[in-house]
1. Evaluate the following for B:Asn123: is it exposed (fewer than 14 other Cβ atoms within 10 Å of the Cβ) and in contact (Cβ under 8 Å) with a residue 12 or more places away in the chain?
2. Inside the range A:303-323, can you point out the residues that are over 20 Å from A:Gly339 (Cβ atoms) and not polar (S, T, N, Q)?
3. Would you be able to say whether some residue in the range A:121-144 is outside any helix (DSSP H, G or I), in the same structural domain as A:Thr209 (by TED's automatic domain parsing) and under 27 Å from the mean Cα position of the chain (by Cα)?
4. Name the residue that is farthest from the other protein chains (Cβ to nearest Cβ), counting only residues in the range B:441-483 that are part of a helix (DSSP H, G or I) and of a type in the set (Ser, Thr, Tyr).
5. If a residue must be over 16 Å from the mean Cα position of the chain (by Cα), without any contact (Cβ under 8 Å) to a residue 40 or more places away in the chain and closer than 29 Å to B:Lys327 by Cα, how many such residues does the range B:57-87 contain?
6. Pull up the range B:488-522, narrow it to residues that are of a type in the set (D, E, K, R) and within 21 Å of B:Asn477 (Cβ to Cβ), then point me to the one that is farthest from the other protein chains (Cβ to nearest Cβ).
7. Residues in the range B:546-567: is at least one over 24 Å from B:Ala383 (Cα atoms), away from every other protein chain (no Cβ under 14 Å), at pLDDT below 90 and within 22 Å of the chain's Cα centre (by Cα)?
8. For the range A:116-141, give me each residue that is in contact with a helix residue (DSSP H, G or I) (Cβ under 7 Å, 6 or more places away or on another chain) and more than 9 Å from chain B (Cβ to nearest Cβ).
Amino acid sequence: MLVKIPLPAPLAEGETLEERLTSAEIEFRNVTKRYGEVAAVKDFSLTVRRGEFLTILGPSGSGKTTALMLLAGFASPSEGEILIAGKSVAAVPSYRRDQGIVFQNYALFPHLTVSRNLEFPLEMRGVKAHERSKRVERMLERVHLSDFRQRMPSQLSGGQQQRVALARALIADPPILLLDEPLGALDRNLREQMQGEIKSLHKEFGKTTICVTHDQEEALTLSDRIVVMRDGRIEQTDTPEALYDRPATRFVANFLGEANILDDADFKVESDNELPAGTVAMIRPERICIADQAARMRADAQQRQAVTGTVVDMIYAGPLRKYHVRVGSGVLITRQHVGSGQKIFQPGDEVRLEWLRSDLRFVRA
Amino acid sequence: MTRFRKLGQMPIWLTVPAFGILLIVFGIPILRLLLTSLNAPALSVANYHAFFGQAANIRLLVQTVEISVVATAICVIIGYPTAYLIVAASKRLRMVLLVLVLIPYLTSLLARTYAWIVILGDNGLVNKLLLDIGLISSPLQLLYNRFSVYVGMVHVMLPLMILPLVSVMLGIDKSLMAAARSMGARPFAAFWRVFFPLSLPGVRSGVLLVFILCLGFYITPAALGGLGDAMLSTFIAAQVKSTFNIKLIATSAFVLLAIAGILLFMLGLDLSSRHHRAAKKERTSWQRRVPSFGTLARYLNELAAPYRAKRWTAELFQARDEIYLTKQIGAAFVVLVMSFLLFPGAIVMIMSFSAGAYLEFPPSGFSLQWYRSFFGDASWTGAAWTSIQIGIAVTILSTIVGTLAALGLSRTSPGLRSVLTMAILTPITIPLIVVGIAVFLALVNLGLIGSKSGIVLAHSIGAIGYVVVIVSATLANFDRRLEQAAKSMRAGPVPTFRRVTLPLILPGILGGAVFAFIHSFDEVVITSLVSGFSIRTLPLKMWENIRHAIDPTIAAVSSLLMLLPVLWIIAIYFMWWRARPKHVPTAATADIG
């Protein structure tokens with residue numbers, strides 16, 4: 001199959017290829033958005049590189065959708081500015097911004113067939129009719145919906161609607177793709193399948209993509225980088241792995257996966273050095289080993305810490321077992337792989353919990 | 001360019017044409033009317049003093065309120081169970097019943113009023129029937145008294161009570177009743193404690209609608225009532241035609257408005273929440289006074305539990321007969337109400353084919369003579385043509401202006417929206433005769449009395465209200481994200497409206513247009529005030545006919561007008577139901593493949 005690659009614009013004077021490839025496509029500069037007294041987004045600064053897949057992750061009400069709407073031009077910032085390809089877009093109305101958007105409930109036009117929906121963005125850009133139908137055909141084939149071109153959106157399943165929405169956002173070849181909770185309306189199996197689809201479309205089309213979600217798994221799976229938001233502010237920005245492994249704050253640690261917070265209230269934390277002020281120790285459940293109380297500490301005892309406690313709850317969750325273990329006045333959570341041949345504990349059992357000192361993390365409280 | 005865009009983004013501009021017309025034709029004159037009634041510029045209540053000083057006026061006022069209250073009460077008593085049974089019916093039956101309620105609602109008021117004259121008159125159907133079976137020896141006086149006024153008014157108003165009730169009742173989650181039943185509430189308790197409080201908003205809007213219409217709508221009482229059944233609105237209309245004492249007219253109009261205002265104030269507060277608060281308060285004080293009573297009741301309750309359980313089990317197996325009986329009674333009731341609503345129309349239709357020299361039932365022979373007389377008489381066909389012309393003009397004007405206003409309102413803040421919507425709806429929410437007087441004054445000033453454009457303006461202020469209500473309802477269901485989606489695909493404001501918004505709200509706009517036409521085509525109260533002597537619309541001609549000589553031709557006109565609602569319903573059906581996505585035949589095969 002012949003793959004048609006759209007040629008990039010020639011390099012500007014003084015621009016190097018390196019710069020072009022890593023340059024900022026989108027930039028938020030100290031953007032604040034207020035609705036009356038309430039600031040939905042506060043002092044939001046962010047740079048998105050060309051071709052990057054960036055996810056804005058946060059609980060509902062954290063301002064992530066507002067940030068996306070500001071970028072799309074459906075709302076304008078109260079303070080600060082937004083730059084696309086180095087130019088402020090304050091005066092550019094939404095319909096001139098050249099972005100493809102997948103809306104939360106897809107916003108497929110209910111009165112138009114699938115192919116008419118796909119044609120719409122091309123028509124608005126003045127693409128000729130025969131060219132339009134060619135491109136629609138190609139796109140429908142790409143998302144495996146060729147048989148559905150004459151259907152109305154209401155006659156499609158959730159996953160099919162999702163694919164139409166993606167195709168419609170991509171068909172006019174905009175440089176930027178915005179996804180607003182793209183998989184929120186799908187059930188679990190379909191969601192995993194569509195994650196793969198989105199990932200492969202991103203690889204294939206290379207659009208600078210900003211995705212907004214509250215689903216941590218979706219964020220971890222899809223993104224090059226994740227921005228965690230809380231109460232309108234950015235809490236932390238990093239790659240999925242760094243974010244999970246080295247959360248900066250207690251909020252991030254808790255929001256992304258499960259975390260055992262070892263604060264003074266429940267645990268006496270002994271450390272070689274004083275803990276930096278305002279921080280607490282944190283450890284992920286999968287870093288804690290659960291064993292018989294009688295079991296002996298392993299050889300590299302220097303690097304290990306251990307506590308004893310009582311199992312209060314055992315939760316079977318398919319591939320793993322989750323234990324809640326009472327230690328002193330607090331409860332630690334740990335995991336055990338099912339089928340690893342390890343001993344299974346029941347509530348009431350006395351156990352010993354062990355972890356590597358290096359697995360402890362220190363997060364801002 | 002940007003300034004132009006900013007201006008276009010101010011949605012409030014879209015409501016300007018609507019408010020312009022409203023202000024000139026209704027708003028300013030009603031303020032002038034108020035000032036006149038207050039003896040401006042002196043500002044005194046002397047006029048009101050004079051009005052209430054006359055015993056005859058007070059009698060008229062009391063009578064007006066009495067007739068309106070009784071008619072409204074009858075409508076609630078008949079309408080509530082009817083609405084409940086309609087909602088409880090199966091989906092298909094419900095549609096049929098709703099159409100049966102809609103048909104009289106969409107039928108010409110004058111045709112319906114005329115039907116009752118024919119049925120209740122001395123030689124009418126009822127008397128003839130009673131004479132024939134020998135129950136009475138001389139005709140009963142059924143017409144031109146309070147009884148016939150109530151029959152006619154309830155017939156006109158009942159659909160207006162049933163429709164809001166049905167719409168509120170349909171919105172009540174059925175599982176709530178099931179939940180109440182699962183907690184041991186008997187059917188009546190479940191109804192009374194759960195369903196009834198939730199249906200109160202429907203009762204409220206139905207009562208408001210019917211009562212205010214009763215206050216200002218004088219056609220039916222004037223046609224069916226005797227001299228002793230005159231209403232304040234009849235009196236006002238008579239004043240306009242005869243002496244034209246502007247102070248007296250203004251004062252009476254505002255007295256009528258005040259009555260409507262009092263009811264609005266009483267019912268405007270949320271009934272259901274107030275009810276709840278009062279009940280809660282009562283219970284706490286009651287418990288404080290007799291603290292041990294609660295414990296005792298609980299104890300007794302516990303003792304009774306086994307018995308209750310036994311009774312429930314028994315009922316579970318026994319209840320069949322009871323349910324069957326209730327269902328039979330319900331069905332009989334609905335049949336009765338529906339015949340009351342539809343029977344008069346059917347009778348007039350049958351009689352319109354009579355071959356005799358006067359109307360009779362059953363007709364002695366079949367003939368089309370009265371239809372021939374309608375189509376052969378230039379005064380009838382001319383009136384019909386005038387009505388159609390005016391109706392079309394009103395439809396075009398009010399659909400455009402009303403749709404723009406609805407679009408503007410949907411984009412303003414909710415607070416502002418409700419205030420402006422209320423303002424736009426005043427011409428259809430206050431007594432009709434008051435609107436008529438205001439419009440009359442406005443058209444006198446504009447020199448448009450007795451002109452078609454004057455009547456078009458007079459009809460439009462009400463018709464705009466209907467369009468705004470229906471289009472706003474459609475817009476409320478319209479997903480604004482579709483507009484954002486279009487904009488994200490480079491569609492500017494105009495293409496977005498033309499390609500996305502308009503096609504999706506078109507059913508609402510067309511529905512609004514139908515209602516605007518109906519409003520204009522059937523309007524008689526305001527028209528009779530502003531038509532002067534030169535213009536005769538079809539309702540005016542019918543009204544004259546009813547009042548003076550009963551020319552059987554009117555039966556033919558009425559039957560023709562009764563066919564219209566069927567047309568309307570078909571039109572509305574095609575616009576609203578067919579607007580839903582069609583199933584593409586190839587889709588089914590694609591599913592298999």
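1. yes
2. Here is the first cut: in the range A:303-323, the residues over 20 Å from A:Gly339 (Cβ atoms) are A:303-310, A:312-313.
Selection gives A:Arg304, A:Ala306, A:Val307, A:Gly309, A:Val312, A:Asp313.
3. yes
4. In this case the residue turns out to be B:Ser453.
5. Qualifying residue count for the region: 1.
6. First, pick out the residues of the range B:488-522 that are of a type in the set (D, E, K, R): B:490, B:498-499, B:522.
Checking which are within 21 Å of B:Asn477 (Cβ to Cβ) leaves us with B:498-499.
Working: B:Arg498: 11, B:Arg499: 7 Å.
Per the stated criteria, the residue is B:Arg498.
7. No: the range B:546-567 contains no residue that is over 24 Å from B:Ala383 (Cα atoms), away from every other protein chain (no Cβ under 14 Å), at pLDDT below 90 and within 22 Å of the chain's Cα centre (by Cα).
8. Passing the criteria: A:Asn117, A:Leu118, A:Glu119, A:Arg132, A:Arg135, A:Val136, A:Met139, A:Leu140.
The values are calculated or read from the model by the stated rules, or taken from the named source; none is laboratory data. Keep in mind that what you see is a predicted model, and the values were worked out from it rather than measured. Note that each Cβ is placed from the backbone with ideal geometry, even for glycine, and that neighbours are counted across all protein chains shown.
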